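These notes concern the structure reproduced below.
The values are calculated or read from the model by the stated rules, or taken from the named source; none is laboratory data. Since the model is a prediction, treat every value here as computed from it, not as a measurement. Don't worry about glycine lacking a Cβ; one is built from the backbone with ideal geometry, like all the others, and counts go over all protein chains shown.
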C-alpha cells in the first residue's frame, strides 16, 4: 500500500487563497422606528427557546465633559437602583427568577444593557427596560450609594492591580484632551469628578442621553415579530423623546514625534513596556488590514511577538497586542512583560525591532491566511447565540455606515492582501506615531515586605 504524503503548508495556503471568499452568514432582520425615535431591530431565530433583549444607548465616556467624567460608568450602576414600578435591585431578582441573566457595560462610544431570558418571558424583559428608561430613580441616596460603588470598583480593578495603569489609563495619554476629549480620559472615571457630581448633574445626563431617540433596541431569538412589535409599542411607545444630543468629536492625526513616559508601578514585580499607536476610526478602509496585522503580531502562541520574545529570546513572560477599535479613532497597544533578568530597555528595543521588521519586510502569505482563517472562525462562532447576534447587529448599527454591512463585512477582511497590510503598517505603525509607556516596579530594596 502506498503511503500518502500530506500537502505542504505552502500548498494548503495556495489552495485556500485561491478559494472564493465565504459569503457572510445572513441575518434576516426587521428594522423600524417608533414615533419617539426608538430604533428597533427584530431577529427571529427559533433554534432554541430563548430571547435576548439588547439595548444600546448612544452614550459613553466620550460624551462626557471636562470635570464630569465617569457619568457613563456611573449610570451602568444607577440603572439598577429602581424605577417607578421596580424596587432597588429588584430587576435583577425578577430576571434571575425567570431563568434569565443580565449585565451591562459602558465604553467610550456606547453603553449596553442586555437580558437573555426564556422566550415566554419576553414581555417581562421589555417591560423592565421600558420602566427604567421612563422613570429611573435618580435620588441623592442612590447617587451617594453608587458613587461609592464605582469608586470601590476603581480601587479593586485599577488602582490596586499591577500593570492595569498601562493597559487601561496610559492609552488615553496618546490623545490631546483639548482636541479629542472623548478618548483622552478614562471610562471608569476619576475620584475627583465622581465626588463633585450632584444630583442635578446626574438627572441632566439621564434626560439627555437615556431617551428613546438616543437608543437602539435589538431583540433576537424565539419570538413572533408581530407579538414583539405589540409589546414594544405598548411599553416604549409613549416614552417622550428627548433633545438631540451633541455628538462627540475628535480631531487627531498621525504623530510626528515619538514619545515616552516612565510610570512607577509599586504593585508590579517586573517591568512592563507598552507601545501605543493611534489608529483610524473603525469604519476606515484600513481597518481590515490593521485588524489582521493585530492577529499576526500578537494573538496566540504562534504570533510574532510571542515567538520572538517569549519562546526564542525568552526576555518576556508575555507579549501580545491589544487593539481598541472605536467610532472616531482607535488605538493599538503592543505589550510585553519582562522575564526575570530582562530590563525594560531590552524589552522596549525588541518590541520596536519587531515592528520595524514588519515595516521593512511585511508579512508572509502564510501568516496572512492564518489570520484570515482565525478572523473567519471568530466571525462564525461569534454568531452562535442570541446574545452574540444581537451584539453583532448593534455593532453594525453604531460603527458602520449601514446595517447591511452585517452581510458582507467579512469579505472585506478575506480580500485583504499582503500589500494592504504593508501599506497600512507603514502608515500607522511608524515610530513617530508611537507613545511608549514603561511601567517600572520599585527596586528590591524599596519593595515592601509581605
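Please state which of the following conditions residue 91 fails to meet, knowing it meets all the rest: (1) in contact with a helix residue (DSSP H, G or I) (Cβ under 9 Å, 6 or more places away or on another chain); (2) in contact (Cβ under 8 Å) with a residue 24 or more places away in the chain; (3) surrounded by fewer than 18 Cβ atoms within 10 Å (Cβ to Cβ).
Going through the list (1) in contact with a helix residue (DSSP H, G or I) (Cβ under 9 Å, 6 or more places away or on another chain); (2) in contact (Cβ under 8 Å) with a residue 24 or more places away in the chain; (3) surrounded by fewer than 18 Cβ atoms within 10 Å (Cβ to Cβ), residue 91 breaks only (3).
Before we move on, is residue 381 in contact with a helix residue (DSSP H, G or I) (Cβ under 6 Å, 6 or more places away or on another chain) and either farther than 29 Å from residue 173 by Cβ or at pLDDT below 95 (or both)? Full working, then the answer.
Values: in contact with a helix residue (DSSP H, G or I) (Cβ under 6 Å, 6 or more places away or on another chain): no; either farther than 29 Å from residue 173 by Cβ or at pLDDT below 95 (or both): yes.
Considered against the rule, which asks whether it is in contact with a helix residue (DSSP H, G or I) (Cβ under 6 Å, 6 or more places away or on another chain) and either farther than 29 Å from residue 173 by Cβ or at pLDDT below 95 (or both), residue 381 comes out as no.
Please tell me if residue 355 is buried (at least 16 other Cβ atoms within 10 Å of the Cβ), over 22 Å from residue 410 (Cα atoms) and touching a residue at least 12 places away in the same chain (Cβ under 8 Å).
Spelling it out, residue 355 is indeed buried (at least 16 other Cβ atoms within 10 Å of the Cβ), over 22 Å from residue 410 (Cα atoms) and touching a residue at least 12 places away in the same chain (Cβ under 8 Å).
Sort through 130, 137 and tell me the only one that's crowded, with 21+ Cβ neighbours inside 10 Å and at pLDDT 95 or above.
Answer to the check: 130.
List pairs: first in region 224-241 and within 11 Å of residue 134 (Cα to Cα), second modelled with pLDDT of 95 or more and surrounded by fewer than 14 Cβ atoms within 10 Å (Cβ to Cβ), Cβ under 9 Å, 6+ apart or cross-chain?
Final answer for the pair search is 237/35; 241/35.
Restricting attention to region 260-299, which residues are surrounded by fewer than 19 Cβ atoms within 10 Å (Cβ to Cβ) and free of Cβ contacts under 8 Å to residues at least 60 places away in the same chain?
Answer for region 260-299, where residues must be surrounded by fewer than 19 Cβ atoms within 10 Å (Cβ to Cβ) and free of Cβ contacts under 8 Å to residues at least 60 places away in the same chain: 281, 284, 285.
Just to be sure, is residue 257 surrounded by fewer than 14 Cβ atoms within 10 Å (Cβ to Cβ), touching a residue at least 24 places away in the same chain (Cβ under 8 Å) and more than 19 Å from the chain's Cα centre (by Cα)? Break it down into steps so the answer makes sense when it comes.
Numbers: surrounded by fewer than 14 Cβ atoms within 10 Å (Cβ to Cβ): yes; touching a residue at least 24 places away in the same chain (Cβ under 8 Å): yes; more than 19 Å from the chain's Cα centre (by Cα): yes.
For residue 257, the condition - surrounded by fewer than 14 Cβ atoms within 10 Å (Cβ to Cβ), touching a residue at least 24 places away in the same chain (Cβ under 8 Å) and more than 19 Å from the chain's Cα centre (by Cα) - is met.
So residue 311 passes all but one of these: (1) under 25 Å from the mean Cα position of the chain (by Cα); (2) assigned to a helix (DSSP H, G or I); (3) without any contact (Cβ under 8 Å) to a residue 60 or more places away in the chain. Which condition number does it fail?
Condition (1) is where residue 311 drops out.
Step by step: first the residues of region 195-223, then only those that are in contact with a helix residue (DSSP H, G or I) (Cβ under 6 Å, 6 or more places away or on another chain) and part of a strand (DSSP E or B), then the one that is farthest from residue 130 (Cα to Cα). Which residue is that?
221
Can you tell me which condition residue 6 does not meet? The list is (1) surrounded by fewer than 13 Cβ atoms within 10 Å (Cβ to Cβ); (2) modelled with pLDDT of 90 or more, and all the others hold.
(2)
Mind checking which residues of region 103-154 are under 17 Å from residue 77 (Cα atoms), in contact with a helix residue (DSSP H, G or I) (Cβ under 9 Å, 6 or more places away or on another chain) and part of a strand (DSSP E or B)?
104, 105, 106, 111, 112, 113, 114, 115
Condition check: modelled with pLDDT of 90 or more, out of contact with any helix residue (DSSP H, G or I) (no Cβ under 7 Å at 6 or more places or on another chain) and either outside the structural domain of residue 178 (by TED's automatic domain parsing) or closer than 27 Å to residue 111 by Cβ (or both). Does residue 64 satisfy that? I'd like the intermediate steps shown before the answer.
Details: modelled with pLDDT of 90 or more: yes; out of contact with any helix residue (DSSP H, G or I) (no Cβ under 7 Å at 6 or more places or on another chain): no; either outside the structural domain of residue 178 (by TED's automatic domain parsing) or closer than 27 Å to residue 111 by Cβ (or both): yes.
Here the answer is no, as residue 64 does not meet what is asked.
Examine region 224-244 for a residue that is assigned to a loop (DSSP other than H, G, I, E, B), in contact with a strand residue (DSSP E or B) (Cβ under 6 Å, 6 or more places away or on another chain) and not assigned by TED's automatic domain parsing to the domain that holds residue 337, and state whether such a residue exists.
Of the residues in region 224-244, the ones assigned to a loop (DSSP other than H, G, I, E, B) are 224, 237-244.
This time we only want the ones that are in contact with a strand residue (DSSP E or B) (Cβ under 6 Å, 6 or more places away or on another chain), so: none.
So far as region 224-244 goes, no, none of its residues is assigned to a loop (DSSP other than H, G, I, E, B), in contact with a strand residue (DSSP E or B) (Cβ under 6 Å, 6 or more places away or on another chain) and not assigned by TED's automatic domain parsing to the domain that holds residue 337.
Select, from 322, 328, the only residue that is within 29 Å of residue 249 (Cβ to Cβ), crowded, with 16+ Cβ neighbours inside 10 Å and in contact with a strand residue (DSSP E or B) (Cβ under 6 Å, 6 or more places away or on another chain). So that I can check it myself, show each step before the final result.
Numbers: 328 fails: in contact with a strand residue (DSSP E or B) (Cβ under 6 Å, 6 or more places away or on another chain).
That would be 322, the only listed residue that is within 29 Å of residue 249 (Cβ to Cβ), crowded, with 16+ Cβ neighbours inside 10 Å and in contact with a strand residue (DSSP E or B) (Cβ under 6 Å, 6 or more places away or on another chain).
For residue 409, indicate whether it is under 21 Å from residue 330 (Cα atoms), surrounded by 14 or more Cβ atoms within 10 Å (Cβ to Cβ) and free of Cβ contacts under 8 Å to residues at least 40 places away in the same chain.
Values: under 21 Å from residue 330 (Cα atoms): yes; surrounded by 14 or more Cβ atoms within 10 Å (Cβ to Cβ): yes; free of Cβ contacts under 8 Å to residues at least 40 places away in the same chain: no.
Here the answer is no, as residue 409 does not meet what is asked.
Is it the case, given these coordinates, that residue 421 is in a helix (DSSP H, G or I) and farther than 30 Å from residue 115 by Cα? Let's see the steps before the verdict.
Values: in a helix (DSSP H, G or I): yes; farther than 30 Å from residue 115 by Cα: yes.
Yes; evaluated as a whole, the condition is true for this residue.
Within region 155-192, which residues are part of a loop (DSSP other than H, G, I, E, B) and loosely packed, with under 15 Cβ neighbours inside 10 Å? Give the derivation first.
Filtering region 155-192 for residues part of a loop (DSSP other than H, G, I, E, B) gives 160-163, 169, 175-180, 184-190.
Scanning region 155-192 gives 160, 176, 177, 178, 179.
When region 331-351 is examined, which residues are found to be in a helix (DSSP H, G or I) and either crowded, with 18+ Cβ neighbours inside 10 Å or outside the structural domain of residue 432 (by TED's automatic domain parsing) (or both)?
344, 346, 347, 348, 350, 351
Residue under question is residue 199, and the condition is that it be in the same structural domain as residue 134 (by TED's automatic domain parsing), touching a residue at least 40 places away in the same chain (Cβ under 8 Å) and more than 30 Å from residue 276 (Cβ to Cβ); does it hold?
yes
Does residue 152 qualify as being out of contact with any strand residue (DSSP E or B) (no Cβ under 9 Å at 6 or more places or on another chain) and free of Cβ contacts under 8 Å to residues at least 24 places away in the same chain?
Yes: the conditions hold for residue 152.
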